[in-house]
Amino acid sequence: MNTALQSLELIDLGSTREGEERFVRYLSGVCEALELDYASYAAANPVSGKVHAFTTYPDAWKRHYIEQGLHRVDPTLDAPRRSIAPVDWARLDPDRRFAHVFGQARDFGLPDTGLTIPVRGPYGETALFSVTRQLRRDGWQKLKRHVLGDLQTAAIHLHDTVMSTENLLQALRRPQLSGREVEILQWVAEGKSQQDIGDILAISHRTVEVHLRSAREKLCTLTTAQAIGRAVSLGLVRPG
């Protein structure tokens with residue numbers, strides 16, 4: 001079982017006014033235009049481990065899915081998060097997790113024929129755009145070939161729109177730095193060396209580096225200079 005999935009917390013954005021009015025309506029429009037049954041969008045914050053999602057699935061299934069914590073074992077979230085290409089659900093490993101999730105979905109009259117398109121975002125987040133349609137395998141393959149290009153465009157457009165929405169943007173991209181990490185980044189921004197910062201905070205320079213490494217990872221950056229730049233852009237650190 002994927003331990004990363006086990007730690008995820010699912011937040012239903014469709015229950016918010018903004019999610020219902022804008023994004024669920026968009027998903028419904030995609031389904032209507034491309035002759036699909038259901039569509040879903042989910043984006044995971046790489047630091048907090050929270051999954052923000054909305055869907056056109058029936059409310060009864062949404063409640064069941066959340067109450068049972070199915071997102072923690074859902075193979076349609078797991079495999080696509082590790083892929084850069086669209087993932088047809090027929091490619092998923094038909095293991096116990098697959099049987100557990102899709103067996104319950106069938107009890108709600110939902111199909112197990114579908115596709116998930118991953119979208120890599122600029123802040124380290126991964127968005128997943130999923131669609132489904134109840135069809136025989138040959139009919140599904142024909143429909144998929146016909147609509148795949150439109151679905152990839154829709155996935156990118158939807159994620160870009162979500163990321164331009166202030167409340168959702170903050171939820172998805174804002175890293176949760178500790179007070180000590182912010183403090184050290186601020187001293188670096190003011191030109192202090194690791195040794196200087198260690199002296200100021202009465203900690204070793206190795207401990208300073210540990211905090212800097214953690215901050216770089218949370219900010220999805222490779223260098224301390226990049227971390228400072230992003231921290232400044234997010235308002236976490238004042239320019240030096």
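Values computed for the structure shown
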read-out	value
Amide H partners (placed H, <5 Å) of Ser83, local residues excluded	none
Region 177-233, dipole about Cα centre (Lys/Arg Cβ +1, Asp/Glu Cβ -1), debye to the nearest 20	200 debye
Protection proxy ranking of 224-234, 84-94 - average other beta-carbon atoms within 10 Å, highest first	224-234, 84-94
Distance in nm between pseudo-label sites at Ser178 and Arg82 (7 Å out along the Cβ direction from Cα)	2.9 nm
Length-normalised contact order for region 87-240 - Cα pairs under 8 Å, 6+ apart - percent	16 percent
Burial order of peptide ranges 153-161, 132-140 (average beta-carbon count within 10 Å, highest first)	153-161, 132-140
Burial ranking of peptide ranges 144-152, 205-213 (average Cβ count within 10 Å, highest at the top)	205-213, 144-152
Debye log10 I(q)/I(0) at q = 0.10, 0.13, 0.15, 0.23 Å⁻¹ for region 47-123, Cα point scatterers	-0.24, -0.42, -0.56, -1.29
Per residue convex hull volume, Cα atoms of region 87-240, in Å³	162 Å³
Region 177-233 - Rg over Rh from alpha carbon coordinates, Kirkwood radius	0.92
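Here, each number is a calculation from the coordinates, and none is a lab measurement. Computed from a prediction, not measured in an experiment: that's the story for all the values here. For neighbour counting, all protein chains shown are included, and Cβ atoms are generated from backbone atoms with ideal geometry for every residue, glycine included.
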